[in-house]
1. Within the stretch 322-341, can you find the residues that are open to solvent by less than 30 Å² (accessible area, probe 1.4 Å) and among the basic types (Lys, Arg)?
2. Consider LEU317 carefully, then state whether it is in contact with a Ser or Thr (Cβ under 7 Å, 6 or more places away or on another chain) and open to solvent by less than 20 Å² (accessible area, probe 1.4 Å).
3. Against the conditions (1) farther than 26 Å from GLN108 by Cβ; (2) at pLDDT 90 or above; (3) of a type outside the set (A, V, I, L, M), where does TYR277 fall short? Just the number, please.
4. Taking the stretch 60-107 only, how many residues are part of a helix (DSSP H, G or I), in contact (Cβ under 8 Å) with a residue 60 or more places away in the chain and either buried (at least 23 other Cβ atoms within 10 Å of the Cβ) or not small (Gly, Ala, Ser) (or both)?
5. When you look at THR154, is it farther than 22 Å from VAL265 by Cβ, at pLDDT 90 or above and among the polar types (S, T, N, Q), yes or no?
6. Do we have GLY309 as open to solvent by less than 50 Å² (accessible area, probe 1.4 Å), in a loop (DSSP other than H, G, I, E, B) and over 17 Å from PRO123 (Cα atoms) here?
7. Any residue at all in the stretch 180-189 that is touching a strand residue (DSSP E or B) at 6+ places or on another chain (Cβ under 8 Å), more than 21 Å from GLY113 (Cα to Cα) and in contact (Cβ under 8 Å) with a residue 40 or more places away in the chain?
8. Out of the residues in the stretch 208-231 that are of a type in the set (Val, Ile, Thr) and not in a helix (DSSP H, G or I), which is most open to solvent (accessible area, probe 1.4 Å)?
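The values are calculated or read from the model by the stated rules, or taken from the named source; none is laboratory data. Nothing here was measured: the structure is a model prediction, and the numbers come from that model. Counting neighbours? That spans all protein chains shown, and the Cβs are built from the backbone with ideal geometry, glycine included. When the accessible area is computed, the model is the full protein with side chains, heavy atoms only, and any ligands, DNA or RNA have been set aside. Shrake-Rupley method; radii C 1.70, N 1.55, O 1.52, S 1.80 Å.
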Amino acid sequence: MKHRKAFALLGALAMIAAPLAASARDQIRIVGSSTVYPFATVVAEEFGRNSDFKTPIIESTGSGGGLKLFCAGVGVDHPDITNASRRIKASEVELCGSNGVDAITEVQIGYDGIVLANAKTAPKMALTLRQVFLALAKDVPSPSGELVPNPNETWKDVDPSLPDVKIEVLGPPPTSGTRDAFNELALEGGCKTFPDLAALKKTDKSKYKSICRSIREDGAYVDAGENDNLIVQKLSANPNALGVFGFSFLDQNSDTVQGSSIGGVDPTFEAISDGSYPVSRSLYFYVKNAHVESIPGIREYLAEFTSEGAIGDEGYLADRGLIPAPEETREQVRANAASLTVLELAAGN
């Protein structure tokens with residue numbers, strides 16, 4: 001009888017302990033950008049080897065997908081950090097706030113360029129932002145000036161100086177920060193070369209964005225998923241196609257693919273660093289401050305990721321293709337991460 005009571009008591013204690021155990025987590029969970037993923041993975045491995053904490057779990061979901069998961073709530077069922085290859089939007093900050101995620105720290109890790117690359121077995125492309133817009137925008141100006149669905153089927157249709165090859169560009173999906181940044185920097189950059197469209201920004205900003213940042217959906221642009229390495233592989237199999245991805249993937253696969261010049265500038269470490277390459281952007285990750293005290297290792301992970309050994313001019317991430325920010329910027333980033341400075345977006349962001 002006593003044994004039965006003892007077992008019953010143990011069973012009751014186990015039932016109480018189970019949800020308590022489930023409420024704890026001893027490993028950092030990270031989601032987000034496929035572009036930042038390789039950098040974060042290297043940092044996580046370094047962190048796991050050289051600390052008393054477990055190696056963080058990192059999932060590549062795309063910037064938009066990661067921010068959606070990150071902003072869904074506070075607690076062990078939600079990620080602690082999300083990587084992003086673009087800055088968080090005001091609407092995403094609002095989503096976070098509506099779900100109780102009201103203190104976020106932004107960490108800028110450096111810069112990256114977005115490349116339009118093709119296989120080395122094909123001729124290297126030399127493009128302008130205007131030509132990129134005319135090749136990939138959903139609607140483009142006709143010879144008479146009115147907007148029409150994009151009629152260009154080959155690069156030669158875009159400009160007689162370009163090859164008579166079908167336009168086929170493999171790139172990331174709408175959930176990707178690379179796609180967002182490409183739309184803003186490359187498509188909109190080309191769109192602004194048309195005076196009537198550029199003027200529209202002052203009179204109807206919503207319409208301007210809709211025209212200047214919308215990629216065509218008739219098959220010329222192919223949604224190839226979040227895996228940039230897969231895009232690289234597909235280019236080798238299809239020499240006529242171009243691919244859109246971050247510079248680090250070009251750098252790591254320079255034996256098989258080559259970057260197109262944009263506006264006469266090749267996508268190189270130096271050109272992205274000095275700002276002369278026109279399609280470049282900042283890379284970030286975002287920290288859920290409410291998790292810092294409950295999930296072990298977050299402060300230490302931030303210290304590793306923002307260290308000179310990681311993101312400095314001679315840091316191990318520079319060897320992987322990350323373009324370091326200026327030293328003054330890195331110092332400020334390091335200070336903000338250490339103090340968990342809460343992000344405040346300026347009006348209009």
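1. Taking the stretch 322-341 first, the residues open to solvent by less than 30 Å² (accessible area, probe 1.4 Å) are 322-325, 330, 333, 337, 340.
Passing the criteria: only ARG330.
2. Values: in contact with a Ser or Thr (Cβ under 7 Å, 6 or more places away or on another chain): no; open to solvent by less than 20 Å² (accessible area, probe 1.4 Å): yes.
Here the answer is no, as LEU317 does not meet what is asked.
3. (1)
4. Residues meeting the conditions: 4.
5. Yes: the conditions hold for THR154.
6. Answer is no for this residue.
7. The initial filter retains those residues of the stretch 180-189 that are touching a strand residue (DSSP E or B) at 6+ places or on another chain (Cβ under 8 Å), namely 181-183, 185-187.
Those left that are additionally more than 21 Å from GLY113 (Cα to Cα): none.
Looking through the stretch 180-189, none of the residues is touching a strand residue (DSSP E or B) at 6+ places or on another chain (Cβ under 8 Å), more than 21 Å from GLY113 (Cα to Cα) and in contact (Cβ under 8 Å) with a residue 40 or more places away in the chain.
8. The qualifying residue most open to solvent (accessible area, probe 1.4 Å) is VAL222.
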